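Novice: I am attaching a structure below and will ask some questions about it afterwards.
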Amino acid sequence: MPRRTPAPAAASGFDFASLVRQHQAMVFSIAWHLLRDRAVAEELAQDVFLSLHQHLGEMESPEHVLYWLRRVTSNRALDEARRRQRRPMVSLESAPEPVAVTPAGDPLLDTSLRKLVAALPEKARAIVVLRYQEDLDPAEIARVLGIPVGTVKSQLQRALALLREKLSRVAGQASDLSLGKE
Amino acid sequence: MAPLEDELKEALRRREPSPDFTERVLARVAAAPVRRVSQPWVRWVAAMAATLLLAAGGLEYRNYRGERARDQVLLAVRIAGSKLNKAQKKVQMLTHRSIS
Amino acid sequence: MKAAGLLIASLLLAGAAAAQQVKWNFDKLAARASDTVDVSLDGSLLRFATKFLSDDDKDQAKVKKVVGGLKGIYVKSFEFKKPGEYSAADVESFRAPLHAPDWQRVVGTHSNEDGETVEVYIKNDTKGIGGLAIIAFEPKKLTLVNIVGAIDLDSLSELGGFSGIPEVEVDKKK
């Protein structure tokens, strides 16, 4: 049996540094939106690129690189989130909502929404992030996360319904505050 | 797209990591230790394992591409079929009207 | 020598299939569309994709039968935020390649219900139907379909009926 080893990164035809620059925002943002900790997200993102470097010889195309990065980042971030147990496992419905402290202008709405997304259970959070950060359709999300597409669709629907409900409650509180109500 | 979805796209848009992120990754890659194994049989086992992993990774991506292409075929057939079906039904309806 | 001959033959066939694909220019519409669906499957990608169609699934098995032997399937669908984003001249530019002698318009219908016009064209060759083109347009949507190869229109139409294949979502490009 002939000896074979994975092709080194240099022989893969990909410029690794360019790949890092091209995809760093995507990888970091998936990790950050899932972990809500910038330092941890950066560290995880670095680890993902380190792994990419080790597996560069297996990459068949730029599309393969993109798919691989999304899959590995999402799954590692999910593993990390579960490991850190930043919040106990709760149902979607009992996920806590942030307390509005000021009336919501656009940047504050962004922050409220990000916090609400961050409060979702990990799998639902990953689905929402891949759908709205990466603009992936449910079939694609299912392939990245390795879960059935039916699960993706139902979790996405539930997450959106919940976010809508919690957001309107947050907006209601903010409006009460602005009107001087307690 | 509904307003909440627009807002989610905005709230969850990609952000850049630290300005020196790329440099730090490249530094880590350069500093990563190269594992050297002296015994030939261990090298052989490692090479076989690497080959299997390579094959598994390639197969996994092939399946991913195949499933995407299959979904595209199904979508294309649905769109083409539905337009054709609509036209045919209209013709049948008009033909039926002109006969009766 | 034989391998080289086979390679040349397959390249010629691929070239011939590409030559039969209707040449439409989508640049203008793509720039104005709020959503685009783009499916582009040449012969080799179609053959690869059909391997993933399940024989156990009734609908997928039907699709497999319909697309087997085709040389290409190309679909472009543009959605617009408001009516008037494309013109009659745009539609005419898509009809232009289908005025060629080997293309024949077989049906043109208009629905008052949703305002959609559907035009169906078939390409004639020595063996019968060698291709299909569909131009479908309504106030906020325009769809173009081109199928290269001998297609069974009745089977395809059946697949697009309400009892046909379920919706499959693929990436919409914005």
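Every read-out reported here was derived from the displayed coordinates using simple, explicitly stated rules and does not represent laboratory data. Just so you know, these numbers come straight off a predicted model, no measurement behind them. Ideal geometry is used to build each Cβ from the backbone, glycine not excepted, and the neighbour counts take in all protein chains shown.
Novice: For the pairs C:K58/C:K123; B:K83/C:K28; C:K28/C:K127; B:K86/C:K141; B:K86/C:K23; B:K86/C:K81, note any where the Cα-Cα span goes beyond 27 Å. Please report the intermediate quantities before stating the final value.
Specialist: Details: C:K58/C:K123 29 Å; B:K83/C:K28 23 Å; C:K28/C:K127 36 Å; B:K86/C:K141 16 Å; B:K86/C:K23 25 Å; B:K86/C:K81 24 Å.
Long pairs (Cα-Cα over 27 Å): C:K58/C:K123; C:K28/C:K127.
Novice: Can you find, among C:S44, C:S87, C:S54, the residue sitting farthest towards the positive end of the charge dipole of the range C:2-159, where Lys and Arg contribute +1 and Asp and Glu -1 at Cβ?
Specialist: About the Cα centre, the residue reaching furthest to the positive side is C:S44.
Novice: Long-range amide H contacts for C:V107: which residues qualify at under 5 Å (H placed 1.01 Å from N, peptide plane, sequence gap of 5 or more or a different chain)?
Specialist: It is C:V120, by chain and number.
Novice: OK, next. Going toward the positive end of the dipole of the range A:8-86, with +1 on Lys and Arg Cβ and -1 on Asp and Glu Cβ, which of A:A39, A:H53, A:L66 do you reach last?
Specialist: Final value for the positive-end residue is A:A39.
Novice: Does a label point 7 Å from the Cα of C:S40, set along Cα-to-beta-carbon, have any residues of the range B:40-72 with amide nitrogen under 20 Å, and which are they?
Specialist: Of the residues in the range B:40-72, B:65-72 have backbone N under 20 Å from the label point off C:S40.
Novice: Could I ask something else about it? Taking amide H atoms as placed 1.01 Å from N in the peptide plane, list the residues 5 or more away in sequence, or in a different chain, whose amide H sits under 5 Å from that of C:G72.
Specialist: C:V148
Novice: Check cross-link reach from C:K65 to the aspartates and glutamates: straight Cα distance under 14 Å, and skip same-chain residues fewer than eight apart.
Specialist: C:D55, C:D56, C:D57, C:D152, C:D154, C:E158
Novice: Report the calculated FRET efficiency for C:A30 and B:E5 (r = Cβ-Cβ distance, R0 = 30 Å), to the nearest 0.05.
Specialist: Values: r = 22 Å, r/R0 = 0.74.
In this case the efficiency is close to 0.85.
Novice: Could you tell me the ratio Rg/Rh of the range A:119-158? Both radii from Cα atoms, Rh via Kirkwood. All intermediate terms of the calculation are to be shown ahead of the outcome.
Specialist: Working: Rg = 8.7 Å, Rh = 9.6 Å.
Expressed as Rg/Rh, it is 0.90.
Novice: Given a Förster radius of 45 Å and the C-beta distance between C:S54 and B:S98 as r, what FRET efficiency does 1/(1 + (r/R0)^6) yield to the nearest 0.05?
Specialist: Working: r = 43 Å, r/R0 = 0.95.
Efficiency for this residue pair is about 0.60.
Novice: Rg/Rh for the range C:23-76: what does it come to with C-alpha atoms and Rh from Kirkwood?
Specialist: Numbers: Rg = 14.3 Å, Rh = 12.9 Å.
Over the Cα atoms of the range C:23-76, Rg/Rh equals 1.11.
Novice: Just grab the label-to-label distance for C:V107 and A:R82, each label 7 Å out from Cα along the Cβ direction, in nm (one decimal).
Specialist: A separation of 5.2 nm, rounded to one decimal place.
Novice: Same structure again: For the range A:8-86, what Kirkwood radius comes out of the mean inverse Cα-Cα distance, in Å?
Specialist: One over the average 1/r among Cα pairs gives 12.7 Å for the range A:8-86.
Novice: Then there's this: Place a +1 charge on the Cβ of each Lys and Arg in the range C:2-159 and a -1 charge on the Cβ of each Asp and Glu, then give the dipole magnitude about the Cα centre in debye, rounded to the nearest 20.
Specialist: Details: 20 positive and 22 negative charges, 123 e Å.
Roughly 580 debye, rounded to the nearest 20.
Novice: Whole-Hz ³J(HN,Hα) for each residue in the range C:130-142, computed from phi via Karplus 6.51 cos²θ - 1.76 cosθ + 1.60 with θ = phi - 60°, x for glycine and proline: what do you get?
Specialist: Each residue of the range C:130-142 in turn: x, x, 9, 9, 10, 10, 10, 9, 9, x, 10, 8, 9 Hz.
Novice: Each label point is 7 Å from the Cα along the Cα-to-Cβ direction; what then is the distance between the points at C:A61 and C:D125, in nm?
Specialist: 2.9 nm
Novice: If eta is 0.890 mPa s and T is 25 °C, what Stokes-Einstein diffusion coefficient results for chain B, Kirkwood Rh from Cα pairs, in µm²/s? Before the final figure, lay out the partial values.
Specialist: Values: Rh = 21.2 Å.
Diffusion coefficient, whole number: 116 µm²/s.
Novice: Sticking with this one: What FRET efficiency, computed as 1/(1 + (r/R0)^6) with R0 = 41 Å and r the Cβ-Cβ distance, is obtained for B:K89 and B:A49, rounded to the nearest 0.05? Intermediate results must be reported in sequence, preceding the final value.
Specialist: On the way: r = 59 Å, r/R0 = 1.44.
That pair, B:K89 with B:A49, gives E of 0.10.
Novice: Check which residues have an amide H placed less than 5 Å from C:S34's amide H, if you skip close sequence neighbours.
Specialist: Under 5 Å from the amide H of C:S34 lie the amide H atoms of C:E79, C:F80, C:K81, each far enough along the sequence or on another chain.
Novice: Also, quick follow-up: Where in the range C:66-128 are there trypsin sites (Lys or Arg not before Pro) that are in a DSSP coil and have at most 14 other Cβ atoms within 10 angstrom of their Cβ? Walk me through the numbers on the way to the answer.
Specialist: Numbers: sites: C:K71, C:K76, C:K81, C:R95, C:R105, C:K123, C:K127; in loops: C:K71, C:K81, C:K127.
Answer by residue number: C:K81, C:K127.
Novice: In vacuum, with every alpha carbon of the range C:2-159 counted as one equal point scatterer, what does the Debye formula give for log10 I(q)/I(0) at q = 0.09, 0.15, 0.19 Å⁻¹? Two decimals, please.
Specialist: -0.34, -0.91, -1.30
Novice: Modelled label-to-label distance, C:D152 and A:K153, 7 Å Cα→beta-carbon offset: nm?
Specialist: It is 2.7 nm.
Novice: Among the lysines, select those whose C-alpha is under 21 Å from the C-alpha of A:K166, and discard any that sit fewer than 8 residues away in the same chain.
Specialist: The qualifying lysines are A:K115, A:K123, A:K153, A:K181, B:K9.
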